[in-house]
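The values are calculated or read from the model by the stated rules, or taken from the named source; none is laboratory data. Source: prediction; values computed, not measured. So basically every Cβ, Gly included, is an ideal-geometry build from the backbone, and we count neighbours across all protein chains shown.
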Amino acid sequence: MGERLRTAGMRVTPQRVTVGTALERRGQQVTAQALWESLRHSHPELGRATVFRTLETLVAAGVARRLELDGHVYAYVACRPGHHHHLACASCGRVEEIDEDYTAPVAERVSRELGFVIDDARLDFYGRCGRCVAAAS
């Protein structure tokens, strides 16, 4: 965690490492409130506002991604380095990263047909993962 923050030009603080590590271990999307609630007993020095600010710092560093849930609530997920997109399960909260190979044809078509020069793209798909679909059947 510390090395990724350094690479992004961010200061490495105990709070950032604690929140980032907890997010990585979570393995699924989590709201800032839920993450703070899971950390507050083992890390009473972490205030609620610190967790919220730290998550935004991790997003800025490219270590985490903010996903929008229903009702304009944000959830966060740890991300691997490199450009990618997400499949977010609304049932179990699992988030899977997908490579640019899936979305590059759309970006190329937009550029070719609309003349739009794309500098960056973030595409997240929301729905139900294969496990949740199978469990519901």
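Annotation note: of GLY93, GLY9, GLY71, the sole residue that is surrounded by 14 or more Cβ atoms within 10 Å (Cβ to Cβ), at positive phi, of a type outside the set (Ser, Thr, Tyr) and out of contact with any Gly (no Cβ under 7 Å at 6 or more places or on another chain) is GLY93.
Keeping to the range 79-106, report how many residues are over 11 Å from the mean Cα position of the chain (by Cα), among the hydrophobic types (A, V, I, L, M, F, W, C) and assigned to a loop (DSSP other than H, G, I, E, B). The qualifying residues number 2.
From VAL133, VAL117, grab the single residue that is farther than 25 Å from THR7 by Cα, without any contact (Cβ under 8 Å) to a residue 12 or more places away in the chain, touching a helix residue (DSSP H, G or I) at 6+ places or on another chain (Cβ under 9 Å) and of a type in the set (A, V, I, L, M, F, W, C). Let's see the steps before the verdict.
Working: VAL133 fails: touching a helix residue (DSSP H, G or I) at 6+ places or on another chain (Cβ under 9 Å).
Every option except VAL117 fails the conditions.
Here TRP36 meets each of (1) touching a Cys at 6+ places or on another chain (Cβ under 9 Å); (2) buried (at least 17 other Cβ atoms within 10 Å of the Cβ) with one exception, condition (1).
Just the residues that are outside any helix (DSSP H, G or I) and in contact with a strand residue (DSSP E or B) (Cβ under 7 Å, 6 or more places away or on another chain), please, taken from the range 1-34. I'd like the intermediate steps shown before the answer.
In the first step, residues of the range 1-34 are kept if they are outside any helix (DSSP H, G or I); the result is 1, 8-13, 27-31.
Residues satisfying the conditions are GLN28, GLN29, VAL30, THR31.
Kindly check whether there is at least one residue in the range 48-56 that is under 15 Å from ASP124 (Cβ atoms), surrounded by 13 or more Cβ atoms within 10 Å (Cβ to Cβ), outside the structural domain of ARG128 (by TED's automatic domain parsing) and in contact (Cβ under 8 Å) with a residue 24 or more places away in the chain. Let's see the steps before the verdict.
First, pick out the residues of the range 48-56 that are under 15 Å from ASP124 (Cβ atoms): none.
Looking through the range 48-56, none of the residues is under 15 Å from ASP124 (Cβ atoms), surrounded by 13 or more Cβ atoms within 10 Å (Cβ to Cβ), outside the structural domain of ARG128 (by TED's automatic domain parsing) and in contact (Cβ under 8 Å) with a residue 24 or more places away in the chain.
Looking at this structure, is TYR76 in a strand (DSSP E or B), over 12 Å from the mean Cα position of the chain (by Cα) and not hydrophobic (A, V, I, L, M, F, W, C)? Against the criterion (in a strand (DSSP E or B), over 12 Å from the mean Cα position of the chain (by Cα) and not hydrophobic (A, V, I, L, M, F, W, C)), TYR76 does not qualify.
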